[in-house]
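The values are calculated or read from the model by the stated rules, or taken from the named source; none is laboratory data. Quick caveat: nothing in here was measured; it's all calculated off a predicted structure. We place every Cβ from the backbone using ideal geometry, glycine too, and count neighbours over all the protein chains shown. Side chains included, ligands, DNA and RNA excluded: accessible areas come from the protein's heavy atoms. Shrake-Rupley method; radii C 1.70, N 1.55, O 1.52, S 1.80 Å.
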Amino acid sequence: MPQDFVPGLLSRATEILEAQFGSLPPFQSDQDAAAIAQVLEGVARRLGDNYPYFHPLYAGQMLKPPHPVARAAYALAMNINPNNHARDGGRASSEMEIEAVRQIAAMFGWDEFLGHLTSSGTLANLEALWVAGQLAPGKRIVASEQAHYTHRRISAVLKLEFGEVAADNAGRMSLDALEAELARGDVGTVVATLGTTAAGAVDALDQILALRERYGFRVHVDGAYGGYFRLIPEALDEPARRAYAAIEQADSIVIDPHKHGLQPYGCGCVLFRDPAVGRFYKHDSPYTYFTSSQLHLGEISLECSRAGASAVALWATQQLLPLAPGGAFARDLARSRAAALELNRRLRTDPRERFQAPAVGVPELDIVVWKLAAETPEQASRLAHQIFVTCATNDLHLALVQLPQSWFALDGRATGLAGGGMVTCLRSVLMKPEHEAWLDRIWERFAAACEAVMGE
Ligand SMILES: *Cc1c(COP(=O)(O)O)cnc(C)c1O
């Protein structure tokens, strides 16, 4: 693990916090420090049973260590343990949430909006689709087959009919298939995913918005993973760049600070372009909305209790690393993107042609997927699995993903709709800023695993 300076950072900050409650009479709570220490040793032993998510050689799933300032701010807030449901439970952290969310909205070009943090991207999407359903009762929600699996489930929970739109061979929503759905006349909301979970594909939001002119529907952007790439248009290729440029015309946006935003889990965010949708949340609470006539966050969110510490950590992170194009946060994102392009280049130019990158489209962000060259999809899948396991025994952690075989068609069919069977592929999410500098070492271990599995 990297040198942990969080405990050192905390001592001075904790003193400052404590001093502000200095007028209270001191009190001791009856805790057995030795017993706690003993339990904690057991916890440490249990936690060793994990993949090393914090290390650059972990290049598998969407896991990015929280920034030290986020960890320290979160831990500092634990002295208070604020609840951002109401100002009665967390005055300072409610203010910090409002400020941090305003900065996220500004990244998308919005200064008037309604928004708040949630405990996850799933909850944030649920709120967006709940509002969509209130505005267009009885109409359908549609999303691409590559959209996050929770959209279907959320729709079921909300009792909204859900339609799946085919994706093309780049993993983007097929616009022809979307238009066929729209022609039925019952689509209330289209979910556009900017950064799919499997491959980081970016739906053509600009063109979906053009269809909105013609058919009239609500557009929800699921940027849970990819939202932050809005900060680095210069590092993206067309058509992804056009999609990101169009975000401000969406009706609602979800982004997960606990994915690319350097936050501990428990931090999603939903934004609505029209603040008037706040009317759907209107309710009273007989217990909590007393100490302030200002807005309580619980009055504009579906969840009740929520970690105020999440808002504190996010606020602190955005103080240190503002969400500005050209800033340090944006530069780190660009590093991830560069790492993905470099890995993709190496895969494509393998002199022995052992790897197949998708024929079109990806990587659009910092996720790389590739298939192993083999006679049959079954053999390719088996090889992927063997290489995945062999890499892991050598401390390189990749991921596996099921993708349509048609993505890898080398002939003219590559532009058509995805279809046919699935094949297990390797997948690497290069979301840590260190991944770029570690790419040679990642490649070395990957190449060694390939030799071991596929022969010299
Ligand atoms: C991760 C993800 C979600 C779900 O977010 P959670 O925070 O895991 O609940 C939704 N959509 C996309 C595109 C995602 O990548």
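Enter the Cα centre distance for the pair segment 207-224 and segment 14-57, rounded to the nearest angstrom. When both Cα centres are located, 47 Å separates them.
So for each of 24-36, 322-334 I average, over its residues, the number of other beta carbons within 10 Å; can you give me the resulting order with the highest mean first? Don't skip to the end; give the middle numbers.
On the way: 24-36: 6.5, 322-334: 17.0.
Output ranking for 24-36, 322-334: 322-334, 24-36.
What number, in percent, do you get for the relative contact order of segment 91-320 if the mean sequence gap of Cα pairs under 8 Å and at least 6 apart is divided by its residue count?
Numbers: 422 pairs, mean separation 62.9, N = 230.
Dividing the mean separation by the residue count of segment 91-320 yields 27 percent.
The translational diffusion coefficient of the chain, from Stokes-Einstein at 25 °C and 0.890 mPa s with a Kirkwood hydrodynamic radius over alpha carbon pairs, comes to 104 µm²/s. Less than 5 angstrom separates the built amide H of Val221 from those of Ala192, Asp251, Ser252, Ile253, Val254, all sequence-distant by 5 or more or on a different chain.
Glu15 contributes about 100 Å² of solvent-accessible surface, heavy atoms of the protein only, 1.4 Å probe.
Quick check: from the Cα gyration tensor, does segment 159-302 come out rounded (a/c under 1.5), prolate or oblate? Provide the component values of the computation, followed by the final result.
Working: a/c = 2.29, a/b = 1.47, b/c = 1.56.
Cα axes put segment 159-302 in the oblate bin.
Taking a straight Cα-Cα cut-off under 28 Å and skipping sequence neighbours fewer than 8 places away in the same chain, the lysines within cross-link reach of Lys432 are Lys64, Lys259, Lys371. Per residue, the chain exposes 46 Å² of solvent-accessible protein surface, assessed with a 1.4 angstrom probe and all protein chains in place. Here the 3J(HN,Hα) profile of segment 289-295, calculated from phi with Karplus coefficients 6.51, -1.76 and 1.60 at θ = phi - 60°, is 8, 10, 7, 8, 8, 6, 4 Hz, Gly and Pro shown as x.
Rg ratio for segment 3-147: its Cα radius of gyration over 2.2 N^0.38 Å, N being its residue count, equals 1.44.
Would you please put 296-308, 46-58, 89-101 in order of how densely packed they are, using the mean number of other Cβ atoms within 10 angstrom per residue and starting with the highest?
Values: 296-308: 20.1, 46-58: 13.2, 89-101: 21.7.
So the peptides 296-308, 46-58, 89-101, ranked by packing, come out 89-101, 296-308, 46-58.
Ranked from largest, the principal axis spans of the Cα set of segment 137-182 equal 30, 21, 8 Å. Once a ≥ b ≥ c are taken as the square roots of the eigenvalues of the Cα gyration tensor of segment 328-454, is the result rounded (a/c under 1.5), prolate (a/b larger than b/c) or oblate (a/b not larger than b/c)? Oblate, because a/c is 1.5 or more while a/b does not exceed b/c. Here the relative contact order of the chain, from alpha carbon pairs under 8 Å that lie six or more residues apart, stands at 21 percent. Separation of segment 189-206 and segment 115-159, taken as the distance between their Cα centroids, equals 14 angstrom.
Once neighbouring chains are kept in place and the probe is 1.4 Å, which whole percent of the accessible area of the chain is contributed by carbon and sulfur?
Working: 11290 of 20940 Å².
Within the chain, the accessible surface is 54 percent carbon and sulfur.
Based on DSSP, what percent of beta bridges with both residues in the chain are antiparallel, to the nearest 5? That works out to approximately 60 percent antiparallel.
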